[in-house]
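Accompanying notes for the structure given below.
The values are calculated or read from the model by the stated rules, or taken from the named source; none is laboratory data. Not measured: the values here are computed from a predicted model. In this analysis, Cβ positions are derived from the backbone assuming ideal geometry, glycine residues included, and neighbour counts consider all displayed protein chains. Note: accessible area is taken over every heavy atom of the protein model, side chains too, but ligands, DNA and RNA are not part of it. Shrake-Rupley method; radii C 1.70, N 1.55, O 1.52, S 1.80 Å.
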Amino acid sequence: MSNASYSRLGYMALKVETTEGTAVKPNTFVPILKEDIVPKYDVSISMPIAANRTLNLNGLPNAIDAPSGKISINVEPKTIGHFLKGIYGTETVGIMMPLTASTGTFTVGEQITNGSGGMATIIGESAEKDYLLTSAWTSTFVLGNTVTGGSSSATATIGAVAATIYGHEFVAPKTTLPTYTVEFGYLNEAVRYTGVYFSDIAENQKNNIITADITMTARAEFKHARVTAITTSGATKTISLDQTTGLVAGDTIKLFRPSTGLYLDFVSSGVNTNTIATIPGETSITVTALQTATAIGDLIVLAPQTTSYSTVNEFTWVGKSTVRDSETSMTAALTATPEGIEDFDVSVTNEIESRHAANGANFINRFPAGMFLKGLKGTGKLNKVYTDMTWLDRLRTNRAFALQVVHNANNIGVTTIPYALDFRAPTIILDAFNPILDTDALLDQKMSYTMFYNATSGYFHKAVLTNDI
């Protein structure tokens, strides 16, 4: 029977870091379709003239490029928010209160009340005035009642009521982005990345399922650590290694011997795993017990975690998604007649640049010394059957318009509020029109666009996720 690893035995886990590049143990597990993160352990070639036809006389360890690649996922209400937070930056989260007929502007931090004794504190208000994010509910709000701001005197009609439904608002641009520790588990070991930026999300539909490709770039990678000195067996032992970045106290590890191709007993006979007690520094760990003496060249690897998932149904396109647009404003787009958009792609990209520096002599110092946030751009594509000149005229005259794309899933619990992901772009300009003529075929409009910052709305692109966590 083969012991080869099978992809369905793999997993992805992540967790936000408190300090960039300082590992934490990932404990949120996200179903994925594919990942292709690639580290490059480059070598510099030294070729001095030495009266010898052999040119490559020396191979010298080079700087290691920031490990990067893409993760493909189905867009799902309980997990997509982790990636949106990474790409858009900090989120505003509170109990979702949809509104209609808003007048005036509510103030973040003020209390709202209604005629049924309900009271709450405003955490965030939509620029389009169609929802509030709230906290500290007392008593009950009633569907259709009017809420009034305690200090602003703004008013609005409550569009839906459910104290267990949360809205997560992600708005770009931000000047900083959070970093993550990300782990991919395989059959016998796991690989961990630290200082991870989620720099790009490209959302599209495939087989009617909303999918996304997310680009990640890491400061460092822990594939394994190489043992650099013999450690005798016994209780409470310190093992010398060439790298500990990526490990945390409490991690479960295994000891692999390349010369035999076997995982060795660690704590006692027949037990291959042990728990890290402490990490004294970059080149050593302390374990509670060591059954087998180490040899130079042995490898310390992370043991795979036991996974658990909290998910619901993925978002779908036909019958569950709506596209609206308006040349007037983002607010007007929210109530416009839905467009017959057949295909939709959107991409939000943060430009991340890694820089190397001579900041240490350990293996980890070959990885980037810093990661820097640079440019931001947003692009996308639309496809609909050509019926008239409206969209082509927008392109020809470079007219800006606002675009909203909403994905819905099933209702949350017993409420009438669905899981939802609402993308809003207040200023879009088309930049290409690709008509396709084919025998006995309808003429399609394939249009690409670029997003721009809108000073009135106060953002470049926004995502609003509604779920129950």
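Numerical summary
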{"read-out": "Residue under evaluation Asn274, criteria (1) free of Cβ contacts under 8 Å to residues at least 24 places away in the same chain; (2) part of a strand (DSSP E or B); (3) open to solvent by 20 Å² or more (accessible area, probe 1.4 Å), criterion not met", "value": "(3)"}
{"read-out": "Filter result (out of contact with any helix residue (DSSP H, G or I) (no Cβ under 6 Å at 6 or more places or on another chain) and surrounded by fewer than 17 Cβ atoms within 10 Å (Cβ to Cβ)) within the range 229-251", "value": "Ala229, Ile230, Thr232, Ser233, Gly234, Ala235, Thr236, Thr238, Ser240, Val248, Ala249, Gly250"}
{"read-out": "For Arg394: the one exception among (1) of a type outside the set (A, V, I, L, M, F, W, C); (2) open to solvent by less than 40 Å² (accessible area, probe 1.4 Å); (3) part of a strand (DSSP E or B); (4) farther than 30 Å from Asn313 by Cα", "value": "(3)"}
{"read-out": "Phe344 among the aromatic types (Phe, Trp, Tyr), touching a residue at least 24 places away in the same chain (Cβ under 8 Å) and within 30 Å of Ile469 (Cα to Cα)", "value": "yes"}
{"read-out": "Search result, residues across the range 87-112 that are among the polar types (S, T, N, Q) and within 30 Å of Ser199 (Cα to Cα)", "value": "Thr90, Thr92"}
{"read-out": "Top-ranked residue of the range 127-162 - restricted to ones that are in contact with an Asp or Glu (Cβ under 9 Å, 6 or more places away or on another chain) and open to solvent by 20 Å² or more (accessible area, probe 1.4 Å), ranked as nearest to Ala402 (Cα to Cα)", "value": "Gly159"}
{"read-out": "Enumerated strands (runs of 3 or more DSSP E) restricted to the range 279-349, each holding at least 2 residues that are of a type outside the set (S, T, N, Q), over 30 Å from Thr379 (Cα atoms) and over 25 Å from the mean Cα position of the chain (by Cα)", "value": "284-290, 299-302"}
{"read-out": "Residue ID - farthest from Ile71 (Cα to Cα), chosen from residues in the range 207-240 that are part of a strand (DSSP E or B) and of a type in the set (S, T, N, Q)", "value": "Thr236"}
{"read-out": "Answer residue from the range 320-344, given it is of a type in the set (Gly, Ala, Ser) and crowded, with 19+ Cβ neighbours inside 10 Å and is farthest from Ile210 (Cα to Cα) among those", "value": "Ala333"}
{"read-out": "Members of the range 357-372 that are assigned to a strand (DSSP E or B) and surrounded by 14 or more Cβ atoms within 10 Å (Cβ to Cβ)", "value": "Gly370, Met371"}
{"read-out": "Some residue of the range 295-318 being more than 30 Å from Tyr11 (Cα to Cα) and open to solvent by 60 Å² or more (accessible area, probe 1.4 Å)", "value": "yes"}
{"read-out": "Residue list for the range 397-409, filter: over 14 Å from Leu465 (Cα atoms) and within 23 Å of the chain's Cα centre (by Cα)", "value": "Leu403"}
{"read-out": "Residues of the range 46-76 classified as at pLDDT 85 or above and surrounded by 12 or more Cβ atoms within 10 Å (Cβ to Cβ), total", "value": "15"}
{"read-out": "Filtered residue count, the range 373-391, keeping only those that are open to solvent by 70 Å² or more (accessible area, probe 1.4 Å) and either within 14 Å of Asn62 (Cα to Cα) or out of contact with any Asp or Glu (no Cβ under 6 Å at 6 or more places or on another chain) (or both)", "value": "4"}
{"read-out": "Qualifying residues in the range 114-126 (those that are over 31 Å from the mean Cα position of the chain (by Cα) and surrounded by 19 or more Cβ atoms within 10 Å (Cβ to Cβ)) - the one modelled with the highest pLDDT", "value": "Asn114"}
